[in-house]
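Bear in mind that the values in this text are calculations on the coordinates, not laboratory data. What you see is a predicted model, and the numbers here were worked out from it, not measured in a lab. Virtual Cβ from ideal backbone geometry, glycine too; neighbours counted across all protein chains shown.
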Amino acid sequence: MQKLKEIFTHPLFKDSEYFQFSVLNIIEAIILFFLARFLIKFVRQFIRKVLKKREWFDEERSDIIYRFFRLLIIVLGTIVIFSVLKLNVLFKDILNYSIVDAEHFHPKVYNLLVIALIIMFARIIIRFVLLLLSKALKSSGQVDPGKEFTISQLVKYVLYIIAFVLALESTGANLSGLLYGSAALLVGVGIGLQTFFYDILSGFLILFEGTFKVGHVIEIDGEIAQVKRIDIRTSKVMTRDGTMIIVPNRKLTSENLVNWTLQKDISRYSVEVGVAYGSNTKLVRQVLYECVLNHPDVEKTRQILVRFDDFGDSALLFNVFFWTRRNWDVDILKSDIRFAIDEAFRSKNIEIPFPQRVLHNV
């Protein structure tokens, strides 16, 4: 029995500074590995079965909590396994190895590990904070989706900046020295990337000013689109044909932009039509008025105006103006009205003429 114990406890590598573990240590490490896996599965089951009974629980929160504890178990389990295998000396030398040895910047391997852990934990914590913030804003009932998105984005950027500063501080870097030492480089980079920084500044202006928000319908370069996402450098808008366009934020702040949503969701549009000379203009006005009035999406509380615009080359030109809240697909509404006008004109024998040209021989 004593001999068996000596075999299990005897180091596998003789006279090694770093590898001093035995067979027993390997067995203990394997047990700890499977124990860590069991704990991860237990946490998942606990979250799904116990926390599911709570009112605040949902699938998204479940995923965030599970990721946090899984990462924590993996980190702690790795440290314990290295300790059981008596790899402390090797682990310490690896962690203390200097990657860069500059005047103001001399990070070591453990600094990179700390940065990686800070970033991973920060992502999980930020996601959880944003989820709680979103739930709180929605339950208050005083914040529309656009403002909710703006607040969430600003909070996310602030938390990421804090995490970034903490990560740099963990390397022991002298931030002021780094800034002074790289001032000339930063100036050169700034000149080369001025468009990039202009986009970022425009992103903050959009988020703070609220000129337009997620869900708003805007018109830019003659294209009607709905804002789907506002990021720090670009924004994503979707046109009426379903095309997603990525627009630099500077374009949205420096050029003329029409926000249909800010107009209390109601706007005025018109449909133009020409009728043959000799037509009964009073009857034309009545037909146009009724065709627009009968459409269910036309606002009945606003004036419908039929205007006799001009005597054209081959037709009498009319315009009928109306108000509607159907801004997003107003072209379809106009098409419906044109169908109705064409049908009504045919029943009333009102002719829509072809363009006519008279040629003279010289």
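Pairs of Lys residues in the range 209-302, spaced 8 or more positions apart or belonging to different chains, with C-alpha separations under 16 angstrom: 7 in total.
P(r) tail, the range 201-323: Cα-Cα pairs separated by more than 24 Å, 48% of all pairs. Rounded to two decimals, the Cα-based Rg/Rh of the range 286-344, with Kirkwood Rh, is 0.98.
When the chain is fully extended, how far beyond the present Cα-Cα distance does Ala136 get from Arg346, taking 0.36 nm per residue of separation?
Result: 69.8 nm gained on full extension.
Here the Karplus relation 6.51 cos²θ - 1.76 cosθ + 1.60, evaluated at θ = phi - 60°, turns the backbone of the range 311-328 into coupling constants of 8, x, 4, 9, 7, 8, 9, 10, 10, 10, 9, 8, 10, 8, 9, 8, 6, 5 Hz, with x for every Gly and Pro.
Between Thr281 and Lys300, the simple spin-label model (points 7 angstrom out along Cα→Cβ) gives 3.1 nm. Each principal axis of the Cα cloud of the range 261-322 was taken in turn, and the coordinate range along them, longest first, works out to 41, 21, 13 Å.
With r as the distance between the Cβ atoms of Asp231 and Leu317 and R0 = 51 Å, compute the FRET efficiency 1/(1 + (r/R0)^6) and round to 0.05. Calculated value: 0.65. Below 12 angstrom from the Cβ of Ile220, what's the summed charge of the other residues (Lys, Arg +1; Asp, Glu -1)? With Lys, Arg at +1 and Asp, Glu at -1, the neighbours total -3.
Counting Lys +1, Arg +1, Asp -1, Glu -1, what net charge surrounds Ile200 among other residues with beta carbon under 14 Å of its beta carbon? If you can, show how the numbers build up before the last one.
Values: positive: Arg233, Arg250, Lys251; negative: Asp199, Asp231.
Combined, the nearby Lys, Arg, Asp and Glu give +1.
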